[in-house]
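Okay, structure first, notes after.
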Amino acid sequence: MISNVCVLGAGRMGSSIVRTLLGYGYPTWVWNRTAAKCGPLAALGATVAPSVADGFRAADVVIINVLDYAASDALLKQDGVASVLAGKAVVQLTSGSPRLAREEARWVEAHGAGYLDGAIMATPDFIGKPETALLYSGSRDVYEAHKPLLFALGGGTSFVGEIPGQASALDTALLTQMWGGLFGALQGMAIAEVEGLSLEMFRSHLSAFKPVVDAALFDLVDRTNARRFAGDDATLASLGAHYSAFQHLLEACEERGLDAGIASRHGYDLSAGAFARAHGR
Ligand code: NAP
């Protein structure tokens with residue numbers, strides 16, 4: 001049976017979700033605070049819900065995708081909405097912290113609906129593609145019952161766990177790693193430019209260096225998982241070697257008056273004392 005879906009939120013992401021669902025043939029309702037944004041979606045076949053409560057009444061599955069949980073709460077916790085939640089599947093695709101996800105799950109479930117919390121690991125242009133990853137946690141029953149719909153939004157969809165905040169936690173962990181890399185790239189570009197290297201050259205060497213960086217990344221995760229913090233026969237570069245590399249990174253920044261925050265912070269963490277303290281040894 002194909003479900004009726006209502007999407008609350010027709011911003012960049014919500015509109016992409018609606019377009020994708022329509023493309024897969026799902027009868028789709030849409031509501032947005034600024035009603036004009038629903039116009040192009042109505043032209044593609046979506047039904048504009050006059051109110052949030054009307055959207056809930058029409059749908060089996062309600063996908064929420066607004067700016068943040070405060071906006072989502074304002075939609076859910078209003079007169080006339082709580083009373084129409086019973087029996088619905090609520091899929092929260094608004095970004096938020098694990099705590100917010102847990103609290104929202106409790107509130108939604110207390111009103112008789114199933115709750116699935118999602119994290120979208122993609123930009124709107126990737127919604128509906130086979131490789132696109134969306135992470136879900138919360139009700140396994142909702143996930144299993146609506147798998148075809150969830151996979152329509154991204155073929156790389158997966159269920160992380162039954163604790164509602166787990167998808168948000170994994171999203172946060174992955175984004176933390178990504179942002180660390182992006183801040184490092186900004187520092188790298190500053191060093192390249194101040195030393196007269198083009199960013200085209202920096203970019204092409206990033207590609208060539210990537211397999212080495214990826215291998216180091218996964219080695220770090222595997223070693224930490226196995227609590228193998230000491231150097232061993234499989235160690236490719238010792239802590240001492242990394243530490244002295246950080247010293248030249250630090251010098252390169254200081255020589256040119258660049259902010260040495262990244263180099264000095266990580267150099268400190270790599271020093272043997274800090275490493276031992278971090279691991280209680
Ligand atoms: P957006 O284009 O700025 O759209 C924001 C949406 O939230 C609009 O529908 C807006 O309604 C609505 N909204 C904001 N405040 C509201 C309020 N107080 N009450 C009701 N509705 C309100 O943002 P977006 O890119 O679609 O992002 C939506 C969610 O997806 C966010 O949680 C974001 O973190 C997440 N996400 C986005 C991306 C991305 O690449 N864009 C990727 C992953 C996750 P109006 O049209 O009336 O302003």
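The values are calculated or read from the model by the stated rules, or taken from the named source; none is laboratory data. This one's a predicted model, so the numbers in the text were calculated from it and none came from an experiment. Virtual Cβ from ideal backbone geometry, glycine too; neighbours counted across all protein chains shown. Side chains are part of the model used for accessible areas, which takes the heavy atoms of the whole protein and leaves out ligands, DNA and RNA. Shrake-Rupley method; radii C 1.70, N 1.55, O 1.52, S 1.80 Å.
So which residues in the range 152-170 are part of a helix (DSSP H, G or I), open to solvent by 50 Å² or more (accessible area, probe 1.4 Å) and touching a residue at least 60 places away in the same chain (Cβ under 8 Å), if there are any at all?
Scanning the range 152-170 gives a single hit, Q166.
If a residue has to be part of a helix (DSSP H, G or I) and crowded, with 21+ Cβ neighbours inside 10 Å to count, how many in the range 39-74 make the cut?
5
Taking into account only those residues within the range 114-132 that are in contact with a strand residue (DSSP E or B) (Cβ under 7 Å, 6 or more places away or on another chain) and among the aliphatic types (A, V, I, L, M), which is nearest to the ligand (Cβ to nearest atom)?
Among them, the one singled out is I120.
Here are the criteria: (1) open to solvent by 60 Å² or more (accessible area, probe 1.4 Å); (2) away from the ligand (no atom under 16 Å from the Cβ). Tell me which single one T176 does not satisfy.
All conditions pass for T176, except number (2).
Only one of (1) within 12 Å of the ligand (Cβ to nearest atom); (2) open to solvent by 10 Å² or more (accessible area, probe 1.4 Å); (3) closer than 20 Å to Y26 by Cβ; (4) in contact (Cβ under 8 Å) with a residue 60 or more places away in the chain fails for L93. Which number is that?
The number of the failed condition is (2).
I'd like to check something: does the range 99-110 contain any residue that is assigned to a loop (DSSP other than H, G, I, E, B) and either open to solvent by 30 Å² or more (accessible area, probe 1.4 Å) or within 16 Å of the ligand (Cβ to nearest atom) (or both)?
Scanning the range 99-110, I find no residue that is assigned to a loop (DSSP other than H, G, I, E, B) and either open to solvent by 30 Å² or more (accessible area, probe 1.4 Å) or within 16 Å of the ligand (Cβ to nearest atom) (or both), so the answer is no.
For the range 232-264, what are the residues that are in a loop (DSSP other than H, G, I, E, B), closer than 19 Å to V212 by Cα and open to solvent by 70 Å² or more (accessible area, probe 1.4 Å)?
Within the range 232-264, D233, L236 qualify.
Does any residue of the range 171-180 turn out to be within 20 Å of the chain's Cα centre (by Cα), under 21 Å from A260 (Cβ atoms) and assigned to a helix (DSSP H, G or I)?
The answer is yes; a qualifying residue exists.
What's the number of the only condition in (1) touching a residue at least 12 places away in the same chain (Cβ under 8 Å); (2) polar (S, T, N, Q); (3) within 30 Å of I127 (Cβ to Cβ) that S207 fails to meet?
S207 satisfies every listed condition except (1).
Can you find a residue that is farther than 20 Å from A173 by Cβ, open to solvent by 50 Å² or more (accessible area, probe 1.4 Å) and among the aliphatic types (A, V, I, L, M) anywhere in the range 115-133?
no
Take A82 and decide whether it is away from the ligand (no atom under 15 Å from the Cβ), over 25 Å from the mean Cα position of the chain (by Cα) and more than 19 Å from L153 (Cα to Cα). Spell out the reasoning first.
Numbers: away from the ligand (no atom under 15 Å from the Cβ): yes; over 25 Å from the mean Cα position of the chain (by Cα): yes; more than 19 Å from L153 (Cα to Cα): yes.
So A82 passes the test.
Residues in the range 10-26: is at least one under 19 Å from L76 (Cβ atoms), touching a helix residue (DSSP H, G or I) at 6+ places or on another chain (Cβ under 8 Å), in contact (Cβ under 8 Å) with a residue 40 or more places away in the chain and near the ligand (Cβ under 8 Å from one of its atoms)?
Yes, the conditions are met somewhere in the range 10-26.
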